[in-house]
Amino acid sequence: MTDDTCELLAKKDCVPCKGGVPPLKGAALQDLLSQLGHGWEIVKEHHLEKTFAFPDFQTALDFTNKVGAIAESEGHHPDIHLAWGKCRVVIWTHKIDGLTESDFVLAAKIEKI
């Protein structure tokens, strides 16, 4: 994985899921994760998760607000857990209760913050 491959993911747009498609599994997930990197984890082939660390609450809050702005502009909304000095981001496609390429795209965009 290189930063270039993450950058390629970040240049894509999130595509709204209309349902009726199966979530990604196995090798497809691992391929996208290898492009994303940067400490993101796939949990139970269901969601992506990463905790970002910060020196104080305000910096974590500022990051959280930037994640929210990206999510709103992409129409793809993660769960965001804010605490003193950290922000955990959990991403999956709710409509299919699993992961799509758009989840990795959103994670790559967040990584650019």
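The values are calculated or read from the model by the stated rules, or taken from the named source; none is laboratory data. Since we're looking at a predicted model, the values are computed, not measured. Every residue, glycine among them, receives a Cβ derived from its backbone with ideal geometry; neighbour counts consider all protein chains shown.
Only residues that are in a loop (DSSP other than H, G, I, E, B), modelled with pLDDT of 95 or more and either of a type in the set (S, T, N, Q) or touching a helix residue (DSSP H, G or I) at 6+ places or on another chain (Cβ under 8 Å) (or both) were counted in the range 25-44, giving 1.
Looking only at the range 1-24, residues that are without any contact (Cβ under 8 Å) to a residue 24 or more places away in the chain and closer than 21 Å to Pro78 by Cβ come to 1 in all.
Among Leu82, Leu61, which is of a type in the set (A, V, I, L, M, F, W, C) and closer than 17 Å to Lys112 by Cα? Give the derivation first.
Numbers: Leu82 fails: closer than 17 Å to Lys112 by Cα.
Exactly one residue qualifies, and that residue is Leu61.
All conditions in (1) out of contact with any Leu (no Cβ under 7 Å at 6 or more places or on another chain); (2) modelled with pLDDT of 95 or more hold for Pro78, with the sole exception of (1).
For Ala60, state whether it is farther than 15 Å from Ala108 by Cβ, surrounded by 13 or more Cβ atoms within 10 Å (Cβ to Cβ) and either in contact with a Cys (Cβ under 6 Å, 6 or more places away or on another chain) or touching a residue at least 40 places away in the same chain (Cβ under 8 Å) (or both). Judged against the criteria, Ala60 is a match.
Scanning the range 1-35 for residues that are touching a strand residue (DSSP E or B) at 6+ places or on another chain (Cβ under 8 Å) and surrounded by 14 or more Cβ atoms within 10 Å (Cβ to Cβ) yields Cys17, Pro23, Leu24, Leu29, Leu33. A count restricted to the range 63-113 and to residues that are in contact (Cβ under 8 Å) with a residue 40 or more places away in the chain and either in contact with a helix residue (DSSP H, G or I) (Cβ under 8 Å, 6 or more places away or on another chain) or not in a strand (DSSP E or B) (or both) stands at 29.
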